[in-house]
Amino acid sequence: MASGEDVKRSEAAVSTIVNRAEEAKLASEGVKAPSHALLSISKSLAAGGIAGGVSRTAVAPLERLKILLQVQNPHSIKYKGTIQGLKYIWRTEGFRGLFKGNGTNCARIVPNSAVKFFSYEEASKGILWFYRQQSGNEEAELTPLLRLGAGACAGIIAMSATYPMDMVRGRLTVQTDKSPHQYRGIFHALSTVLKEEGPRALYKGWLPSVIGVIPYVGLNFAVYESLKDWLIKSKAFGLVEGNNELGVTTRLACGAAAGTVGQTVAYPLDVIRRRMQMVGWKDAASVVTGDGNSKAALEYTGMVDAFRKTIRNEGFGALYKGLVPNSVKVVPSIAIAFVTYELVKDVLRVEMRISD
């Protein structure tokens, strides 16, 4: 019969083995978890980047026309509307003119979109956790207002991270073949602005951009997600499919509605942002008119001054210059971005399961 000491030694040995096994399991999980999390983050960023590139390239001609309408000199109007403007670009600059600045735009929008979608998901998780802690309801879901906050956070982070690219993209898009000063590409534009105007110039127009991105991106995410949730829960109009999901066409419509609401609210700030980005560029007046006939340099002391001078010199309607091509652009662009993001993420998620 085993003595008491033998029993104690046996129990100690078993306990040690169990503890070592637990430690080994935890160590193994600790090694796997970070790599799995990193892979998940990478795929989320990739989905967002692809969504941004596809959606922006699809509407590149309208994006360029919008910026030209926003900054053209009111005394030398060359672009009088969407159809006329596109025809004029085609006639004077050819097919490539329609996509001028799109390379820079994609170089900006791909990381911007990647950061934006990823930031939204992470901000949503954090806000939802905080909301459940404060309300004491572990089953609580995000409200439209909380989604608006998460979208605003995502927009600010993405805009700030990629703003210098947006600034030089605006200038590359505005210049024409007749412009006296030519930027040869993204890096040439960045280096030229740094050399001639200093590093702060790369963030000209940042304040109205951030103020504008709060309602724009915030409303985009809030309207899209809330509209999707409402359609799924209420099963309205019979749009919900057998797997309790919305079809691609319905999701495109939700994205279009979100884009329309967001861009209409934030558009005046976008106009002011573009105009402020031209300040300090010695050839800006010639660039925006295309013939150098403007006598006055573009000068604004800040966002409020830009608003005041624009309204005083051109009227309130100037704050909505380019709204029509922008609306035609934004509606499909936002819709394509949301749906592309979800479809790419679904494909990557399936691949992730298979690799696991």
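The values are calculated or read from the model by the stated rules, or taken from the named source; none is laboratory data. None of the values given here were measured: they were computed from a predicted structure. No Cβ is skipped: glycine too gets one built from the backbone with ideal geometry, and neighbour counts run over all protein chains shown. Accessible surface is based on the protein model in full, side chains and every heavy atom, while ligands, DNA and RNA are left aside. Shrake-Rupley method; radii C 1.70, N 1.55, O 1.52, S 1.80 Å.
Enter the accessible area of ASP229 (Å², nearest 10), with the probe set to 1.4 Å and all protein chains included.
We get 40 Å² for ASP229.
Here is the link list: LYS228/LYS321; LYS195/LYS329; LYS87/LYS329; LYS66/LYS235. Which ones come out longer than 27 Å on Cα distance?
From the list (LYS228/LYS321; LYS195/LYS329; LYS87/LYS329; LYS66/LYS235), the Cα-Cα distance tops 27 Å for LYS228/LYS321; LYS195/LYS329; LYS66/LYS235.
Label HIS188 and ASN313 with points 7 Å out from Cα along Cα→Cβ: what is the distance between them in nm?
For HIS188 paired with ASN313, the spin-label model returns 2.8 nm.
Working out 0.36 nm times the residue gap between THR143 and ALA46, then minus their Cα-Cα distance, what length gain in nm do you get to one decimal?
32.2 nm
With the crude spin-label approximation of a point 7 Å out along Cα→Cβ, what separation in nm comes out for PHE95 versus TYR203?
Rounded to a tenth, the inter-label distance reads 4.2 nm.
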